[in-house]
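Beneath this line is the structure, given in structure tokens, with notes to follow.
The values are calculated or read from the model by the stated rules, or taken from the named source; none is laboratory data. None of the values given here were measured: they were computed from a predicted structure. We place every Cβ from the backbone using ideal geometry, glycine too, and count neighbours over all the protein chains shown.
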Amino acid sequence: MHDFKYKNSELYVEGVPVRKITEKTGTPLYIYSYNTLVKHYRAFDKAFDGYPHITCFALKANSNLAILKLLAQQGCGADVVSGGELFFALKAGIPAKKIVYAGVGKTEEEIAYALKSRILMFNVESSDELAVIDRVAGKLKVKAPVALRVNPDIKASTHPYISTGLKKHKFGIPIREALEYYSLASKLRNVRVIGIHKHIGSQITNVSPFVEAVKKVLSLAKGLRSAGLEIKHLDIGGGLGIPYNNEEGLPQPEDLAKAIIPLVKQYDFTLITEPGRSITGNAGILVTKVLYLKQQLKKNFVIVDAGMNDLIRPSLYDAYHHIQPVKKSSRAVMSADIVGPICESGDFFARDRKIIRPLHGDLLAIMSAGAYGFSMSSNYNGRKKAAEVLVKGEDFFVIRERETYKDLVARTRIPGFLK
């Protein structure tokens, strides 16, 4: 599953002790395993061997350039949702013809950038967006390749903030109206319809919602072909869940592929998948240092130097992350809230968590932090963003330096009348 293991009671990343890395870089610190990233990507991509496909990593999960470069070298494509993510993908060497562009709020500037870059296709979310893409493509005298993102109205058993496939959500076009939208798209002079896209959410731990959604989309595809529209690409999105607490029986990429390929094998689609969390989630950890222990009204608090600005998932989604000591000890187990220094009661990583009683200066590893960790981090409370490190074998490399206080004000300007 991953390459974070104890050796002689000390946590290692591949062949390097976590403690050794923090001695050079300090904390809070994100650490990623090269070997785990490669294994996870290959497992996902290989699962769909035998059927034409492109594995497009979802950059929203983790957009560090070194990680993207690593994935590009493995043959990975990209799923982007902004002009900035498109820039990251191209900068990392991901071929434009392996890039799909989703998101409900693409600006004209972003659309033009994507067209000039010659991406594989836009995943279009509305008729208004379709009209804008047509207009921008006309100005550039190009044909814009598009898929329409359809909303199959499928419930995925996940947190409501990361569920996207119900009709009440802002994403996609209602599947019942899709034929009408495709008819509209086919008549636009500067648009070339080449695909169908669906994505029903994230951290989905059962294959059946994927199957149900694909069946609905294939029914639409038959209708489109009967209407004379040639659909070359079927983008089934991402969302396959990962274990955060040693859960057993979760579907693997091969389980997803075994369920999906028999449904699509009669078609000549190029199948596009958009894994994000399933590649990087368990390939990264957040290391933090214990600052203080505090007892208040019989409740224990372990105060650490990482905060919700570094990893917001527990505060935002009440998400579980396993937390373990970097150095095991024989000290007694205690129950405590593990919290950060941010001036918010929502600044926590765990509540009433059983943990070996730490001491001041001890290091804790917050596991499964490689997806939606650094990518969702901020400078709230004037906090410097954490450093990031990539480990390969017995070597480690700083792939993002820790911010300085000067970085926090580097792009601010004081107007003349205040000087």
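Here is how the numbers come out for the structure above:
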| quantity | calculated |
| --- | --- |
| Subset of the range 186-219 (residues that are out of contact with any Ser or Thr (no Cβ under 7 Å at 6 or more places or on another chain), closer than 30 Å to Lys143 by Cβ and not in a strand (DSSP E or B)) | Ser186, Lys187, Leu188, Arg189, Asn190, Lys198, Ala213, Val214, Lys216, Val217, Leu218, Ser219 |
| Enumerated strands (runs of 3 or more DSSP E) restricted to the range 248-335, each holding at least 1 residues that are over 30 Å from Ala387 (Cα atoms) and aliphatic (A, V, I, L, M) | 270-273 |
| Qualifying residue in the range 75-98 (condition: crowded, with 24+ Cβ neighbours inside 10 Å and farther than 23 Å from Gly241 by Cβ) | yes |
| Some residue of the range 310-328 being under 22 Å from Ser63 (Cα atoms), in contact (Cβ under 8 Å) with a residue 40 or more places away in the chain and charged (D, E, K, R) | yes |
| Subset of the range 138-148 [within 29 Å of the chain's Cα centre (by Cα) and either in a loop (DSSP other than H, G, I, E, B) or without any contact (Cβ under 8 Å) to a residue 60 or more places away in the chain (or both)] | Ala144, Pro145, Val146, Leu148 |
| Selected residue (criterion: modelled with the highest pLDDT) from residues of the range 207-249 that are surrounded by fewer than 16 Cβ atoms within 10 Å (Cβ to Cβ) and within 21 Å of Asn282 (Cβ to Cβ) | Asn245 |
| Residue among Tyr292, Tyr267 that alone is touching a residue at least 60 places away in the same chain (Cβ under 8 Å), surrounded by fewer than 22 Cβ atoms within 10 Å (Cβ to Cβ) and more than 20 Å from the chain's Cα centre (by Cα) | Tyr292 |
| Search result, residues across the range 49-70 that are surrounded by fewer than 22 Cβ atoms within 10 Å (Cβ to Cβ) and among the hydrophobic types (A, V, I, L, M, F, W, C) | Leu65, Ala66, Leu70 |
| Residue that is more than 19 Å from Arg313 (Cβ to Cβ) and either modelled with pLDDT of 95 or more or within 17 Å of the chain's Cα centre (by Cα) (or both), where the choices are Leu29, Leu11 | Leu11 |
| Pairs, first within 15 Å of Lys385 (Cα to Cα) in the range 405-419, second assigned to a helix (DSSP H, G or I), C-beta under 8 Å, six or more apart | Leu408/Gly382 |
| Qualifying position, being touching a strand residue (DSSP E or B) at 6+ places or on another chain (Cβ under 9 Å) and surrounded by fewer than 20 Cβ atoms within 10 Å (Cβ to Cβ), among Val326, Val333 | Val333 |
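The rows are residues; the columns are (1) under 17 Å from Ile196 (Cβ atoms); (2) of a type in the set (Asp, Glu); (3) at pLDDT below 95.
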residue: Pro95; (1), (2), (3): no, no, no
residue: Asp134; (1), (2), (3): no, yes, no
residue: Val142; (1), (2), (3): no, no, no
residue: Pro152; (1), (2), (3): yes, no, yes
